[in-house]
């Protein structure tokens, strides 16, 4: 990038020294910030780990019993969202990269990116005002006709503000992320592979199945995991849409729903006091660890196939 | 090898004698459109009959049922005429297009909802009054707009120098362990959930001003934590695009390294960097959770970053929705109007960023 290590060294000017020192300083600020985030979260969390219901009014017994259902709800909602979003996102990415007319493709990509620009609080309003009433009749039908299936067991929620609705909103929010990354990876498929497949008489789908998808698999996986990380940390949309009771249940359509860590913090923090604040910060620490682990997995998958390093 | 020259008589029943061998066994070009039109007609007829019995005409249902009829019909037709392989191809084409159209439903529905509800209160009063001493109708979001501008501006003031200098370090100076460590940490920072950033800022300022204080500067710090990695990432990408030859030409003329960066590298990449910074502002301006935690909410205008709670547009949307008074419509209208304002700001930022990228990009080639 710059001068190679030559025997003759350039003259060190004061301007150079100031500039390089400030660049190093700025880089170190990142280190300091992250260290500060970790330190403050851990220090503030320690009182919560040993607290019981006498210290903190929001605890029933101890901290782990409080955070357990929240962790379950967070992972359950994010997993549902990923399950809905992944096939749709791959479809959209394929449509933009291989089906849409070349001239339109970038415009269509921009339109999907618009979804990512909508603030989450607006998704929350939309989820409550439009989506929940719209899907409620479908939920009723599902419970009436498919109620024997454990996930769809009744009684149906009257408002439609269930974990499935929250997962739908989350899915809409992570679709642009997964789509953007998969689209980039699909576009990187070697053209020669595609043309070879077509020349052998493959239909478009056979070409995609044999050339594009195998090439893009690591990219799709890392995109999915990054989307999952985003869904785990999403706060306002879930806090507004979900009417949570805090139970651990797999049922999708009832009014008994688990809450998520982020939504619970947003809803409880403004009124929290004393040790309750520490308890909520400790749940935040656990969310931080979970998302860190998920993102680390995504990076590991990307790093295994170095050619996709440009994909995120 | 032998399969490519299979004689036609083993093709099965569809390979009947036909006049034109080139278009044999193939649906006509307009077939998908005709089938699509027919599916829409059948579906509309179906829902029209239901609507006759008094129910409202179900637009979404019409399109969903039409899509299902279309996929089934085109797959079946193609299977009869063109065989299994082409039929699968048509099936997947329909599914993939359907996935794209499906994603358009929330976008269109969201835009229509925000514009229709938002325009109810999108008036002069909304932008010139705060919510101080307002209950029920009237009032506005002036305090929230002031807070959003102040906090996002401060966050930008913190994160643009740090982010830009970090990316310069990574591209121009960074070697060895520190650079690799910083790249890794920027990755980690990108993944911090926004609410955790809010908790961090709250905990940090609780030390200085005691527990329970919520100030504008805390909100700005929370936003900066979210903004720095985005700025670093986008600027780094842009700086790496600058050709090495430009730097080498500058060095060859005896220009010091720091002047090369300031006078050659940065001007070349400034359009891309500006775009990245504007997009990062657009990203954090809609953040609700960290501001709810760190800056709190209030009904009054507050110009002081270091003293007292500060309202912001996204938190305004949330509080208007969450603490509805009487009449609730007034509160919901204000929430939607603020949502419309917020989306307009984000859209304008996005649009300007793309225009900057297009019109101020360096001209290569001659």
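Selection over region B:178-211 of residues that are over 26 Å from residue B:306 (Cβ atoms) and at the interface with another protein chain (Cβ under 8 Å from one of its Cβ atoms) gives a count of 11. Of the helices (runs of 4 or more DSSP H) lying entirely inside region A:109-200, the ones with 1 or more residues being within 11 Å of another protein chain (Cβ to nearest Cβ) are found at A:120-126, A:132-146, A:163-187. Filtering region B:300-319 for residues that are within 12 Å of chain A (Cβ to nearest Cβ), buried (at least 20 other Cβ atoms within 10 Å of the Cβ) and at positive phi leaves an empty set. The set of residues in region B:125-145 that are more than 24 Å from the chain's Cα centre (by Cα) and part of a helix (DSSP H, G or I) comprises B:125, B:126, B:127, B:128, B:142, B:143. State whether one or more residues within region B:98-105 are crowded, with 19+ Cβ neighbours inside 10 Å, at negative phi and either in contact with a strand residue (DSSP E or B) (Cβ under 6 Å, 6 or more places away or on another chain) or more than 10 Å from chain A (Cβ to nearest Cβ) (or both). Checking region B:98-105: not a single residue is crowded, with 19+ Cβ neighbours inside 10 Å, at negative phi and either in contact with a strand residue (DSSP E or B) (Cβ under 6 Å, 6 or more places away or on another chain) or more than 10 Å from chain A (Cβ to nearest Cβ) (or both).
For every residue, the table says whether it meets (1) more than 18 Å from the chain's Cα centre (by Cα); (2) at pLDDT below 80.
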| residue | (1), (2) |
| --- | --- |
| A:233 | no, no |
| A:279 | yes, no |
| A:295 | no, no |
| A:299 | no, yes |
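Let me confirm something: among A:150, A:190, A:214, which residue is surrounded by fewer than 24 Cβ atoms within 10 Å (Cβ to Cβ), modelled with pLDDT under 90, within 26 Å of residue A:71 (Cβ to Cβ) and out of contact with any helix residue (DSSP H, G or I) (no Cβ under 6 Å at 6 or more places or on another chain)? Only one candidate qualifies: A:150.
Scan region A:92-104 and report the pairs whose first residue is more than 9 Å from chain B (Cβ to nearest Cβ) and whose second residue is surrounded by fewer than 17 Cβ atoms within 10 Å (Cβ to Cβ), with Cβ atoms within less than 7 Å and a gap of 6+ or a chain change. These pairs meet every condition: A:97/A:187.
Picking from residues in region B:330-350 that are within 19 Å of the chain's Cα centre (by Cα), without any contact (Cβ under 8 Å) to a residue 24 or more places away in the chain and more than 10 Å from chain A (Cβ to nearest Cβ), the one that is surrounded by the most Cβ atoms within 10 Å (Cβ to Cβ) is B:344. For residue B:354, the test of being more than 22 Å from residue A:239 (Cα to Cα), within 9 Å of chain A (Cβ to nearest Cβ), part of a helix (DSSP H, G or I) and at pLDDT below 85 is passed.
Just wondering, is there one or more residues in region B:152-175 that are in the same structural domain as residue B:256 (by the TED database), assigned to a helix (DSSP H, G or I), on the phi > 0 side of the Ramachandran plot and surrounded by fewer than 18 Cβ atoms within 10 Å (Cβ to Cβ)? Talk me through it step by step, then tell me what you get.
Within region B:152-175, the first condition is being in the same structural domain as residue B:256 (by the TED database), and the residues that meet it are B:152-175.
Remaining after also requiring assigned to a helix (DSSP H, G or I): B:152-173.
Subset that is on the phi > 0 side of the Ramachandran plot: none.
Taking every residue of region B:152-175 in turn, none turns out to be in the same structural domain as residue B:256 (by the TED database), assigned to a helix (DSSP H, G or I), on the phi > 0 side of the Ramachandran plot and surrounded by fewer than 18 Cβ atoms within 10 Å (Cβ to Cβ).
From the list B:219, B:296, exactly one residue is in contact (Cβ under 8 Å) with a residue 12 or more places away in the chain and within 23 Å of residue B:186 (Cα to Cα). Which is it?
Working: B:296 fails: within 23 Å of residue B:186 (Cα to Cα).
Residue meeting the stated conditions: B:219.
The values are calculated or read from the model by the stated rules, or taken from the named source; none is laboratory data. The shown structure was predicted, so the numbers you read here are calculated from the model rather than taken from an experiment. Methodologically, a virtual Cβ is constructed for each residue, glycine included, from the backbone with ideal geometry; neighbour enumeration extends over all protein chains shown.
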